[in-house]
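First the structure, in the form of structure tokens, and then the observations on it.
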Amino acid sequence: MSIQDLISSPESKTLEFKETMPTPQAIAKTACAFSNGGGGTILVGVEDKNKTITGIDEQEIHILEEKIANIVYTIVEPTPSNHITIQNVDGKLILKIDVFPGSLKPYHLKNKGELEGTYIRVGSTNRKADIETIEELRRQRMNISFDETSVIDASLEDLHTRNIEFYLKKREEVRDIPRIEPDTKFLKKIKAIQQQNGSIYPTAAGILLFSSEPEKYIPGAIIKCARFKGIEMDEFLDQKIIKGSLFSQIEETIAFFKKNVKRGAKIEGIYRKEEYEYPETAIREAVVNAICHRDYSRKGADIKFAIFDDRIEITSPGGLLPQISLSDLGTGVSELRNKIIGRIFNETGLIEGWGTGIRRIRKQIEEKGLVPPEFRENNGFFKAIIYNEPLQEHFELDKDEKEIIAYIQKHGKAGTKDLEKVLGISKATIKRKIRTLTENGYLIWKGKSKKDPSGHYELTGSTMS
């Protein structure tokens, strides 16, 4: 991305602006957070709110460059890989500090130690990591996913034969993989169990997939389903806590969905076919996605499946992985948080192709004639929102509307001032175009109120595939 594109972008989990030289602690925390995540860039000499280039004095910039390099080297441990350059933008000098994703996680402040000095990036802020996050960073360093770890309180007896047989039957039907005796050797091969210190324990994946009580050993390994009256979480019409193996959780959640949404009829030839107000295949795909990619290391955090009059929200613990952004969704980019669960879901046909789930959700919703789904990442949770509102027909984008969507698709979000500057058209015209795009399900406003100065527009998801 060019320096001009960076300056016009909002602060994010990979970008931070500093109008003047920040404190050593601020630089160090951001370097830690970027290294523990997907990397990022700090621009010194650019004001965040209005993107005004204040610049750095020519006599001071080399001193600041050396000072920042020294801060990163002496305060952060291990030393993050970084590159500092001087950029001349419109005759003004700014410092560009690129911090690369680290392979020696967790990165932390030397004087505070690993437990108190590890920072991660959440949105556009740095946040001190809790113990679960630090443990996850340690696993990333060793290239081990949580579902590969041993559950030492459990035993082989916790893996129920009927769940294992279900898996063997499905993979034979779907992938034509011959049946095999599910003995200890086989369970080791699929990493449902592993040997540790001379004893054999189930892995987290083994417990989640084949135990009938995974929540007994992995707190929060459940789905809380609710049907609310209206469009707010004020009154329950129905609710259920779904437990059991991941395979059964999928089926029971879909059963709850079918019980609590409207159903109509469609005539195909001489047959009457019942249809739900949402495409069942898209809902199933979203549920599978939530179960497969959630962060099971976050103890006590569960998946929530909420049905409202106008939408379904599926919220799962664990934001997108560091190398993935919202704009990557539906493009084929894929990274597994739970490697064993992902592989077994693929073998049983629950995952049809790596990196294609979001694309299929969008396609199925489009074919149903509904407004595009929305995907959000907030405070370590990922949320999919599927609406039952019909998409307005015969709406075609004009040149300016296409440019607005292209800009937000590239930068993640935009305010009216950003769009005025880029498109070179009046504020009134921008507002009119935004209103049209919002009414037709392309954009959504994010802010405390319509007058929130820090508010902005984002894509609902329709044009990111």
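Applying the criterion of being of a type in the set (Gly, Ala, Ser) and open to solvent by 20 Å² or more (accessible area, probe 1.4 Å) to the residues of the stretch 267-300, the residue that is modelled with the lowest pLDDT is GLY269.
In the stretch 275-285, the count of residues that are more than 22 Å from ASN388 (Cβ to Cβ) and either of a type outside the set (Lys, Arg) or touching a residue at least 40 places away in the same chain (Cβ under 8 Å) (or both) is zero. Scanning the stretch 307-357 for residues that are in contact with a Phe, Trp or Tyr (Cβ under 8 Å, 6 or more places away or on another chain), modelled with pLDDT under 80 and outside any loop (DSSP other than H, G, I, E, B) returns a single hit, LEU326. Among the residues of the stretch 167-186, those that are out of contact with any Ser or Thr (no Cβ under 9 Å at 6 or more places or on another chain) and over 23 Å from GLU352 (Cβ atoms) comprise ILE180, GLU181, ASP183, THR184, LYS185, PHE186. If you filter the stretch 301-353 down to residues that are open to solvent by less than 20 Å² (accessible area, probe 1.4 Å) and among the hydroxyl-bearing types (Ser, Thr, Tyr), you find that the one that is farthest from PHE228 (Cα to Cα) is THR348. Pairs linking a residue in the stretch 358-376 that is at positive phi to a residue that is surrounded by fewer than 22 Cβ atoms within 10 Å (Cβ to Cβ), with Cβ atoms under 7 Å and 6 or more positions apart or on different chains, are GLY369/PRO390; GLY369/LEU391.
Here THR79, THR14, THR23 are screened, and the one residue that is under 24 Å from SER454 (Cβ atoms), without any contact (Cβ under 8 Å) to a residue 12 or more places away in the chain and not basic (Lys, Arg) is THR23. Among the residues of the stretch 407-445, those that are touching a residue at least 24 places away in the same chain (Cβ under 8 Å) and among the small types (Gly, Ala, Ser) comprise GLY412, ALA414, GLY415, GLY441. Here SER35, SER12, SER103 are screened, and the one residue that is closer than 30 Å to ILE131 by Cα and either at pLDDT 95 or above or among the hydrophobic types (A, V, I, L, M, F, W, C) (or both) is SER35.
For first residues located in the stretch 155-183 and surrounded by 13 or more Cβ atoms within 10 Å (Cβ to Cβ), partners that are in a loop (DSSP other than H, G, I, E, B) and not β-branched (Val, Ile, Thr) and lie 6+ apart or on another chain with Cβ distances below 6 Å form the pairs ASP158/SER211; HIS160/SER212; ASN163/SER245; ILE164/PRO182; LEU168/ARG179; GLU172/ARG179; VAL174/GLY349.
Do the conditions hold for GLU114, that is, is it modelled with pLDDT of 95 or more, part of a helix (DSSP H, G or I) and closer than 30 Å to ALA204 by Cβ? Yes. Counting only helices (runs of 4 or more DSSP H) that sit wholly inside the stretch 160-266, those with at least 1 residues that are of a type in the set (Asp, Glu), touching a Pro at 6+ places or on another chain (Cβ under 9 Å) and modelled with pLDDT of 95 or more are 161-175. For the stretch 395-427, a tally of residues being hydrophobic (A, V, I, L, M, F, W, C) and open to solvent by 70 Å² or more (accessible area, probe 1.4 Å) returns 1. The condition of being at pLDDT 85 or above, touching a helix residue (DSSP H, G or I) at 6+ places or on another chain (Cβ under 8 Å), under 28 Å from SER2 (Cα atoms) and of a type in the set (A, V, I, L, M) holds for ILE430.
Output yes when any residue across the stretch 295-316 is farther than 27 Å from GLU132 by Cβ, among the basic types (Lys, Arg) and out of contact with any Lys or Arg (no Cβ under 8 Å at 6 or more places or on another chain), and no when none is. Yes, that holds for at least one residue.
Answer with yes or no whether LEU115 is exposed (fewer than 15 other Cβ atoms within 10 Å of the Cβ) and among the aliphatic types (A, V, I, L, M).
So LEU115 passes the test.
A single member of LEU137, LEU237 is touching a Lys or Arg at 6+ places or on another chain (Cβ under 7 Å) and open to solvent by less than 10 Å² (accessible area, probe 1.4 Å), and it is LEU137.
The values are calculated or read from the model by the stated rules, or taken from the named source; none is laboratory data. Values in this document were obtained by computation on a predicted structure and should not be read as measured data. All Cβ positions, even for glycine, are placed from backbone atoms using ideal geometry, and neighbour counts span all protein chains on display. Accessible surface areas use protein heavy atoms only, side chains included; no ligands, DNA or RNA. Shrake-Rupley method; radii C 1.70, N 1.55, O 1.52, S 1.80 Å.
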